[in-house]
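Below: one structure, written as structure tokens.
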Amino acid sequence: MSIHAPLILDIEGLGLTDVDRRRLAHPLTGGMILFGRNWQSRSQLTDLCADIKSIRPDLLIAVDHEGGRVQRFRTDGFTHLPPLRALGELWTQDDKGQPGSGVLKACEAATSAGFVLASELRACGVDFSFTAVLDLDHGESGVIGDRSFARDPRVVSLLARSLMHGLLQAGMANCGKHFPGHGAVKADSHVALPVDKRSLKAILADDAQPYRWLGSVLTAVMPAHVVYSKVDSRPAGFSSRWLQDILRVQLGFQGVVCTDDLSMAAARQMDGRTLSYAEAVITALQAGCDLALLCNRSVGGGAELDEVLDALAEAAVKGHWTPSEISEERRLTLFPRSAARPWDELVCSADYMQALDRLRLDAWPKCLRNRHKGS
């Protein structure tokens with residue numbers, strides 16, 4: 001049986017320390033997530049990724065790289081990608097006398113954004129990005145805001161499908177987030193636990209629709225750090241009701257379920273108390289997650305990461321958590337299925353240059369160019 005490696009962790013600096021190497025070599029570590037503090041240049045990033053793979057080729061190298069304000073690498077040739085809302089706004093901008101032309105342009109731009117995003121990351125050795133955001137823009141959530149394509153789940157689904165097609169063209173998998181929807185709550189789950197009081201029927205008929213419609217193309221799903229109080233008292237990422245009964249059974253999703261960052265205190269609120277990092281990871285895995293994401297714990301030494309790895313191993317021995325061969329098989333589906341093009345080859349290729357041309361801001365309607373110059 002394959003060893004289930006469920007923990008996605010991080011490192012503190014621009015290169016690997018001996019402690020980083022030990023943690024990454026641990027059989028329960030499945031990958032690592034990069035942040036802005038791990039970036040200096042393309043050559044440095046490429047060397048870092050190669051160093052990680054030299055420890056274990058099966059370590060997934062991931063990043064939050066969506067475009068707009070959530071884009072970890074922005075210099076040394078990386079394209080500044082538009083926020084997803086810009087693609088949703090392009091959808092509504094028809095050329096004169098050509099109804100529907102905005103829809104076609106938006107879908108083309110979304111595919112180009114996905115292709116450029118994935119191609120640039122992969123050229124540096126990054127395997128996977130946690131994108132695309134499927135949350136609906138209810139105008140309530142500041143933490144989501146322009147990270148959402150639109151309010152209409154149909155628009156969100158079609159633009160997300162187009163973006164995912166672009167990712168796939170570059171050999172990258174995708175991750176829909178934040179299931180079943182984070183856009184209707186005001187609280188930021190980084191600092192407080194949001195509560196959504198709508199009924200299950202209302203959520204499934206609106207915010208969760210993209211997960212139903214995109215089931216055949218979604219590789220991974222990230223549950224929200226939100227309590228949907230009429231469905232379960234636990235946040236979605238700790239809820240077997242949401243992850244197994246609804247996502248797996250009712251919606252038929254068979255891909256990877258990965259937690260959002262469990263380092264946030266608000267994210268570890270359950271049954272009236274704050275879980276430890278180890279408790280949070282184990283509880284999420286017990287509820288039905290395949291992977292557990294623990295960010296920013298390497299800063300300052302990272303003793304908490306060692307505690308989590310030790311606790312996971314102990315839980316497996318004592319039978320409190322059972323490593324899953326199916327979950328490990330799912331983790332492996334997140335890796336690229338084709339060889340990446342080196343940067344110098346990529347930037348001279350016709351398909352890459354054509355995708356960049358579709359994303360040129362000066363080719364967009366003037367009202368959108370002015371609005372998104374700073375994105």
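The values are calculated or read from the model by the stated rules, or taken from the named source; none is laboratory data. Just so we're clear, the structure is a prediction, and the values are computed from it rather than from any experiment. Positions of Cβ are generated from backbone atoms using ideal geometry, with glycine treated the same way; all protein chains shown enter the neighbour counts. Accessible surface is based on the protein model in full, side chains and every heavy atom, while ligands, DNA and RNA are left aside. Shrake-Rupley method; radii C 1.70, N 1.55, O 1.52, S 1.80 Å.
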Query raised in the report: Is it true that C295 is touching a Pro at 6+ places or on another chain (Cβ under 8 Å) and outside any helix (DSSP H, G or I)?
Result: no
Requested in this report: State whether one or more residues within region 328-346 are more than 20 Å from A170 (Cα to Cα) and in contact with a His (Cβ under 9 Å, 6 or more places away or on another chain).
Outcome: yes
Query raised in the report: Do we have D232 as part of a loop (DSSP other than H, G, I, E, B), within 27 Å of A280 (Cα to Cα), open to solvent by 10 Å² or more (accessible area, probe 1.4 Å) and among the charged types (D, E, K, R) here?
Result: yes
Report summary line: Selection from region 270-292 of residues touching a residue at least 12 places away in the same chain (Cβ under 8 Å) and part of a strand (DSSP E or B) yields M270, L291, A292
Query raised in the report: Residue check: is T219 among the hydroxyl-bearing types (S, T, Y) and either free of Cβ contacts under 8 Å to residues at least 60 places away in the same chain or touching a helix residue (DSSP H, G or I) at 6+ places or on another chain (Cβ under 7 Å) (or both)?
Result: no
Query raised in the report: Is it the case that some residue within region 124-136 is within 26 Å of I203 (Cα to Cα), out of contact with any strand residue (DSSP E or B) (no Cβ under 9 Å at 6 or more places or on another chain) and either open to solvent by less than 10 Å² (accessible area, probe 1.4 Å) or not in a helix (DSSP H, G or I) (or both)?
Result: yes
Query raised in the report: Only one residue in L163, L158 is surrounded by fewer than 24 Cβ atoms within 10 Å (Cβ to Cβ) and either at pLDDT 95 or above or out of contact with any strand residue (DSSP E or B) (no Cβ under 8 Å at 6 or more places or on another chain) (or both), so which one is that?
Result: L158
Report summary line: Flagged in region 347-361 as open to solvent by 40 Å² or more (accessible area, probe 1.4 Å) and not polar (S, T, N, Q), in numbering order, are V347, C348, A350, D351, M353, L356, D357, R358, R360, L361
Query raised in the report: on the phi < 0 side of the Ramachandran plot, assigned to a helix (DSSP H, G or I) and open to solvent by less than 30 Å² (accessible area, probe 1.4 Å): does that describe L262?
Result: no
Query - Members of region 313-333 found to be open to solvent by less than 40 Å² (accessible area, probe 1.4 Å), modelled with pLDDT of 95 or more and either in a loop (DSSP other than H, G, I, E, B) or of a type in the set (D, E) (or both), listed by number - result: E328
Query raised in the report: What number of residues in region 137-184 are part of a loop (DSSP other than H, G, I, E, B), touching a residue at least 40 places away in the same chain (Cβ under 8 Å) and closer than 21 Å to V257 by Cα?
Result: 9
Requested in this report: Tell me which residues, restricted to region 166-175, are crowded, with 21+ Cβ neighbours inside 10 Å and either more than 13 Å from V217 (Cβ to Cβ) or among the β-branched types (V, I, T) (or both).
Outcome: A170
Query raised in the report: Among the candidates D344, D306, D290, D310, which residue alone is more than 30 Å from G145 (Cβ to Cβ), surrounded by 14 or more Cβ atoms within 10 Å (Cβ to Cβ) and among the charged types (D, E, K, R)?
Result: D306
Query - Residues (more than 16 Å from V133 (Cβ to Cβ) and out of contact with any strand residue (DSSP E or B) (no Cβ under 9 Å at 6 or more places or on another chain)) located in region 52-74 - result: S54, I55, P57, R74
Query raised in the report: Going through region 59-86 one residue at a time, which ones are within 21 Å of R358 (Cβ to Cβ) and of a type in the set (S, T, N, Q)?
Result: Q71, T79
